[in-house]
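Step one of this worksheet: look at the structure below.
The values are calculated or read from the model by the stated rules, or taken from the named source; none is laboratory data. Predicted, not measured: the structure shown is a model, and the values here were computed from it. Because the Cβ atoms are built from the backbone with ideal geometry, glycine has one as well, and the counts that use them run over all protein chains shown.
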Amino acid sequence: MSSSRATLMQVAERAGVSLASTSRALHGTGASSKMVDRVRAAAAELGYSPDAIGRSLRMKRTFQVAFAVADIGNPVYVEMLTAIHEVLAPHGYRVVVMSTGHTVGSTVDLVRSLGSGFVDGLIVSPLRTDDALVEAIRQAPVPVVVIGRSLEQQGIDSVSTDSAAGLGQAVAHLVEIGRRRIGFVNG
């Protein structure tokens, strides 16, 4: 095989089936198991891999979700990223990590840029929100979920924790096990 990328047509020719049958076999729709095996063997022989750009154009989806955070070095975000990846990967999606910096304006700019079609959705964990960010999220052409801020009253999908309740449980536990001098350090 040459150094150029194998095409779907080449796979079809190698398998001895039509282009449509090759496509169906590779997508697992409407093809016999014998044909699927033959097409997959031809694809493996040729080193064929689907063209992500072509697929995105055809399906009008990128199979990418952006995860935008202020500081990509923060270990909390790494844990979130791992959990997000575990949910999205089985559905064929990749997670693109983006840094927004510490200003609301940069997050607003990111949300407004979503119309360019580089992702199918955004998960964002802003340090602060304001009316401009809320409005940008409402106008976003793709689904947006905010982590860390409760924005449901403004019609924004969000995931947040009740920090006060969590802190109360932690203090109650420490008192229950006999601690009397309790300090709290917050980032």
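Worth a mention:
- Residues in the range 80-100 that are at pLDDT below 90 and in a helix (DSSP H, G or I): Pro90, His91.
- Of residues in the range 14-27 being among the small types (Gly, Ala, Ser) and in contact with a helix residue (DSSP H, G or I) (Cβ under 7 Å, 6 or more places away or on another chain), the one nearest to Ala42 (Cα to Cα): Ala15
- Exclusive hit being polar (S, T, N, Q), in the same structural domain as Ile156 (by TED's automatic domain parsing) and exposed (fewer than 13 other Cβ atoms within 10 Å of the Cβ), set Thr82, Thr129: Thr82
Quick grid of which residues meet (1) of a type in the set (A, V, I, L, M); (2) in contact with a Cys (Cβ under 6 Å, 6 or more places away or on another chain); (3) modelled with pLDDT of 85 or more; (4) surrounded by 12 or more Cβ atoms within 10 Å (Cβ to Cβ):
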site	(1), (2), (3), (4)
Ala31	yes, no, no, yes
Lys34	no, no, yes, no
Arg38	no, no, yes, yes
Ser49	no, no, no, no
Phe67	no, no, yes, yes
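- Screening Phe118 with (1) modelled with pLDDT of 90 or more; (2) surrounded by fewer than 16 Cβ atoms within 10 Å (Cβ to Cβ); (3) within 17 Å of the chain's Cα centre (by Cα) gives one miss only, at (1).
- In the range 110-155, the residues that are of a type in the set (Asp, Glu) and either free of Cβ contacts under 8 Å to residues at least 40 places away in the same chain or on the phi > 0 side of the Ramachandran plot (or both): Asp130, Asp131, Glu135, Glu152
- Annotation note: Cβ proximity below 9 Å between a residue of the range 24-46 that is at positive phi and a residue that is surrounded by 11 or more Cβ atoms within 10 Å (Cβ to Cβ) (sequence gap 6+ or interchain) occurs for Gly28/Val36; Gly30/Ser21; Gly30/Arg24.
- Evaluation of Thr62 against (1) more than 20 Å from Ser160 (Cα to Cα); (2) at pLDDT below 90; (3) in a helix (DSSP H, G or I) (one fails), failing number: (3)
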